[in-house]
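Worksheet for the structure shown next.
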Amino acid sequence: MQSKETRTYTEAVKRGDYDRYSGNLFGKYDNVRTYWEDQLTRFVLRPFLSKLVAHRQNQGKKLRILDLGCGTGQGYELVTKIDKRDLDLGLQRDRVLPEDEIEVYLGLDLCQEMVDKGNEIFECKPNVNFRRADLRKDMDVVKEEKPFDIYFSSYASLSHLDKSHLVQLLIDICNHSNNESLIILDFLGRYSIEWPDYWKVETEPEKIRDYSMSYLYSELNQDVEIEHFPVRFWTGTEVEELVEELIMETKVQVEILKKYDRSILTGRHTDTQQYNPKLKPIRRTVNRLHEDYMRTDLSELIIDADIVPDHPKVAPFLDELIRSWNILVNFCQKRLEENASLIELEDWPEFSSHLQFALMNIDRVIADTGWMWYGEPRANIIEPQLGYALRSLEINMQKGIGCGHGLVAILEVTK
């Protein structure tokens with residue numbers, strides 16, 4: 001009998017949600033996923049993956065990658081499409097991990113339909129393979145394989161495990177891994193503004209809460225049965241405690257190289273408002289910024305600071321991020337109306353360097369496109385650049401404390 005999780009993903013595969021990965025206004029692979037979330041994952045992975053690839057090349061080896069909760073293989077797209085440099089205008093892309101540098105990419109997933117779809121999509125790549133496995137008990141599948149260089153998870157796949165099962169999985173990974181292997185942990189963040197009622201839970205059972213898949217549907221009606229299932233929500237502090245426990249249990253040195261929050265103000269459930277009805281559908285509006293020939297009412301991007309509950313660690317950070325976000329949106333809106341300039345911003349010296357840089361970018365983009373009368377410069381140039389500027393605020397200001405829809409940690413094993 002299928003669990004609720006596997007039924008949900010089985011139906012998503014049947015609808016074609018996992019056929020290919022491209023931006024859109026809604027759905028699994030919307031513009032925020034494509035241009036914000038995937039790119040943030042690539043930005044953060046780049047230095048650590050670059051180092052690992054260089055070391056393995058010096059040893060005359062290719063990389064072995066294990067994808068935990070692989071879905072249909074979108075993790076492969078993430079790790080093989082990381083550019084070595086941002087500022088590269090050349091014709092050819094120079095990737096950190098070229099596909100021919102991968103010895104094997106093995107994906108494990110509980111849903112057989114996901115596994116079948118992944119094998120179908122990557123059937124032309126003999127070094128890519130997907131198998132059905134339950135991460136709570138089927139790690140013998142992994143132990144039969146040679147050690148992997150990357151133990152990879154993406155988009156909260158590991159939040160489907162309770163803490164005890166996750167600890168055992170990671171113990172097995174630490175014992176199985178190579179020296180310098182990377183472990184990528186991807187969880188749902190408990191301090192997201194999407195579910196403030198989850199913030200103050202204390203006991204382990206309370207940290208496993210309801211999660212809805214309603215974001216998969218652009219429009220809901222009475223004929224659609226939305227699946228809910230329990231998942232474990234995490235904070236940055238708990239990730240640190242988890243790593244300390246692993247070191248104690250395995251006697252293997254494990255270091256947190258990076259923790260980061262993903263989709264702090266643009267999580268999936270900002271649009272559904274299912275857990276926090278005070279939210280505006282910000283993700284939907286950001287999706288419009290990245291859509292060709294579609295102009296956006298920028299006032300819909302303004303976020304009410306009063307939506308942030310009182311919390312000694314989380315509230316100050318979110319307040320500052322929302323304030324910076326709103327300043328940038330307001331400036332762009334007024335600049336488009338020719339009613340603002342950088343020199344008129346009285347609080348400029350008090351702005352963070354990240355906000356100053358974002359404001360200068362938007363000012364320059366608008367100035368450089370003001371003469372264009374063709375190609376819809378507002379919709380096709382200025383608004384996407386506003387999206388990237390807002391994204392830069394989330395990337396540069398995040399604290400890795402669990403304030404995003406996703407919380408990701410990159411670990412390194414030393415043996």
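No value in this document is a laboratory result; all are computed from the given coordinates. Bear in mind that the values here come from a model prediction, so they are computed numbers and not experimental data. Quick reminder, even Gly has a Cβ in these numbers, built from the backbone with ideal geometry, and neighbours come from all protein chains shown.
Among 229, 148, sorting on how many other beta-carbon atoms sit within 10 Å of each Cβ, with the fewest leading, yields 229, 148.
A cut-off of 5 Å between modelled amide H atoms, ignoring neighbours fewer than 5 places along the same chain, links residue 211 with 229, 231.
Shown for 373, 195: other C-beta atoms within 10 Å of each C-beta, ranked fewest to most, produce the order 373, 195. Across the range 227-244, computed HN-Hα scalar couplings (Karplus, 6.51 cos²θ - 1.76 cosθ + 1.60, θ = phi - 60°) run 7, 10, 8, x, 9, 9, 9, 10, 10, x, 4, 5, 5, 4, 5, 4, 5, 4 Hz from first to last residue, x flagging Gly and Pro. Summarising the overall dimensions of the range 273-397 from its C-alpha atoms, the Rg and Dmax are 15.0, 50 angstrom. The distance between label points at residue 341 and residue 127 comes to 5.6 nm (points 7 Å beyond Cα on the Cα→Cβ vector).
For the chain, the spread of Cα positions along the three principal axes, ordered from largest to smallest, is 66, 48, 43 Å.
Residue by residue, the range 97-110 carries 3J(HN,Hα) couplings of 10, x, 4, 6, 9, 9, 6, 8, 10, 10, x, 10, 8, 6 Hz when phi is fed to the Karplus relation 6.51 cos²θ - 1.76 cosθ + 1.60 (θ = phi - 60°); x denotes Gly or Pro.
Label sites at residue 95 and residue 237, each approximated as a point 7 angstrom past Cα along Cα to Cβ, lie 4.1 nm apart.
Using a Gaussian network model of the chain in which every pair of alpha carbons under 10 angstrom is joined by a spring, one finds that among 97, 87, 321 the greatest mean-square fluctuation is at 87.
Placing +1 on the Cβ of every Lys and Arg and -1 on the Cβ of every Asp and Glu, with nothing else charged, gives the chain a dipole about its Cα centre of roughly 800 debye. With a 10 Å cut-off between alpha carbons and a GNM built on the chain, which of 289, 45, 108 moves the most? Highest fluctuation of the listed residues: 45. Taking amide H as placed 1.01 Å from N in the peptide plane, the amide H of residue 103 sits under 5 Å from that of 63, 64, each at least 5 places away or on another chain. Computed extension gain for residue 228 through residue 348, at 0.36 nm per residue and net of the alpha carbon distance, reaches 38.6 nm. The order of the peptides 33-43, 362-372 by mean Cβ neighbours within 10 Å, most packed first, is 33-43, 362-372. In terms of distances greater than 19 angstrom between alpha carbons, the cross-link table entries 28/163; 163/207; 62/146; 163/415; 61/146; 62/125 yield 28/163; 163/415.
Taking amide H as placed 1.01 Å from N in the peptide plane, residue 311 has no amide H partner under 5 Å among residues 5 or more places away or on another chain. If you take the Cα centroid of the range 168-231 and the Cα centroid of the range 270-287, the two points sit 19 Å apart.
Residues in the range 260-267 carry Karplus couplings, in order, of 8, 8, 10, 6, 6, 10, 10, x Hz; the curve used is 6.51 cos²θ - 1.76 cosθ + 1.60 with θ = phi - 60°, and Gly or Pro positions show x. Just checking the listed ones, 174, 124, 403: in the Gaussian network model of the chain with Cα springs under 10 Å, the one fluctuating most is 124. Counting beta carbons within 10 Å around each of 102, 65, 226 and listing the fewest first gives the order 226, 102, 65.
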